[in-house]
Amino acid sequence: MPKHVNNHLKILRQIARPHWFDIIELIKRSQGLSVKELSSKMDMSYMGVKKHCVSMHDLGLLETWRRPVEVGRPEKIYRLTDKVDCLFPHYGDDLSLMVLEGVIHLDPIAAEKIIFGFFRKQTEEFTKVVTGSSVQERAEQFAAARSKLGYYSWCLYAEEVGLWIEEYHNPMEAVFEKFPDLVKHEINMIERLLVRAYVERSVEEVKAMKRYRFDLSPR
């Protein structure tokens with residue numbers, strides 16, 4: 001192995017073994033999972049999954065916390081560490097934020113113009129695949145397209161709350177944290193794509209793991 005290997009390749013080398021990608025994907029699509037939950041989703045023995053999780057924990061890929069339960073001792077939950085962040089897309093790196101901060105000094109609304117242009121381009125691309133006749137169909141198509149871009153997106157429905165989109169990663173997170181007013185452009189994009197729905201965005205954070213939710217209501 002070469003002496004100097006970038007961190008991305010080091011991580012890939014560590015996880016390039018059976019089932020580890022599945023574990024990372026499943027945990028990423030949640031706010032943490034127990035060995036029992038992983039075992040059920042992977043159709044694999046409890047002890048087999050536990051062995052993989054312990055090995056990944058020893059390498060610093062997973063960390064644990066205790067989730068309260070109604071009866072009995074809190075259960076151990078596995079979640080991803082910052083070490084695997086490089087496996088997921090991020091648009092708001094240090095350079096991007098530096099550029100946005102810099103242009104604001106030249107034009108107070110320059111960052112707004114840049115992000116508006118970014119989401120206008122994304123809208124054009126999503127329009128090619130979001131073609132359904134109903135809001136739910138369009139929401140499902142949009143979620144599928146966002147998942148391919150690394151948003152880990154789902155479209156869900158429950159009779160008591162209605163239709164919503166749930167996501168477990170947002171490549172724009174660093175940008176939105178620095179410039180929270182720019183979130184409106186993401187919301188406007190989704191409303192334009194779904195055509196007949198209002199969108200309300202919320203973020204839930206549990207032990208530093210975020211879940212982004214877009215509740216959809218009819219216009």
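Throughout, read-outs are computed from the coordinates displayed, never taken from laboratory work. All figures in this text were calculated on a predicted structure; none of them were measured in a lab. Backbone-built Cβ (ideal geometry, glycine too); neighbour counts: all protein chains shown.
Could you list, ordered by first residue, the pairs with Cβ atoms under 8 Å in which the first is in the stretch 125-151 and closer than 13 Å to Ile190 by Cα and the second is among the β-branched types (Val, Ile, Thr) and part of a helix (DSSP H, G or I), at least 6 apart or interchain?
Phe142/Ile190
Residue-by-condition table, conditions (1) farther than 23 Å from Lys148 by Cα; (2) in contact (Cβ under 8 Å) with a residue 24 or more places away in the chain:
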{"position": "Tyr168", "(1), (2)": "no, yes"}
{"position": "Ala174", "(1), (2)": "no, yes"}
{"position": "His185", "(1), (2)": "no, yes"}
{"position": "Ile190", "(1), (2)": "no, yes"}
{"position": "Leu194", "(1), (2)": "no, yes"}
{"position": "Tyr198", "(1), (2)": "yes, no"}
{"position": "Met209", "(1), (2)": "no, yes"}
{"position": "Phe214", "(1), (2)": "no, yes"}
{"position": "Ser217", "(1), (2)": "yes, yes"}
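Enumerate the pairs (first residue in the stretch 45-69 and farther than 19 Å from Asp85 by Cα; second residue anywhere and polar (S, T, N, Q)) with beta-carbon separation below 9 Å, excluding pairs fewer than 6 apart on the same chain, so at least 6 apart or on different chains.
Filtered contacts from the stretch 45-69: Ser45/Ser39; Tyr46/Ser39; Met47/Ser39; Gly48/Ser39; Val49/Ser39; Lys50/Ser39; Arg67/Ser34.
Out of the residues in the stretch 22-44 that are within 16 Å of the chain's Cα centre (by Cα) and free of Cβ contacts under 8 Å to residues at least 24 places away in the same chain, state the one that is farthest from Ser153 (Cα to Cα). Let's see the steps before the verdict.
Taking the stretch 22-44 as the starting set, the residues that turn out to be within 16 Å of the chain's Cα centre (by Cα) are 22-33.
Then drop every residue that is not free of Cβ contacts under 8 Å to residues at least 24 places away in the same chain, which leaves 22, 25-26.
On the way: Asp22: 16, Glu25: 12, Leu26: 12 Å.
Only one residue fits best here, namely Asp22.
Kindly indicate the residue of the stretch 53-89 that is loosely packed, with under 14 Cβ neighbours inside 10 Å and within 22 Å of Val175 (Cα to Cα) and also nearest to the chain's Cα centre (by Cα) among those meeting that condition.
Filtering first and then ranking leaves Pro89.
Can you list the helices (runs of 4 or more DSSP H) lying wholly within the stretch 30-139 that have 3 or more residues being in contact with a helix residue (DSSP H, G or I) (Cβ under 8 Å, 6 or more places away or on another chain), within 30 Å of Val183 (Cβ to Cβ) and not acidic (Asp, Glu)? Full working, then the answer.
On the way: elements: 35-42, 46-58, 94-106, 110-127.
Those helices (runs of 4 or more DSSP H) span 94-106, 110-127.
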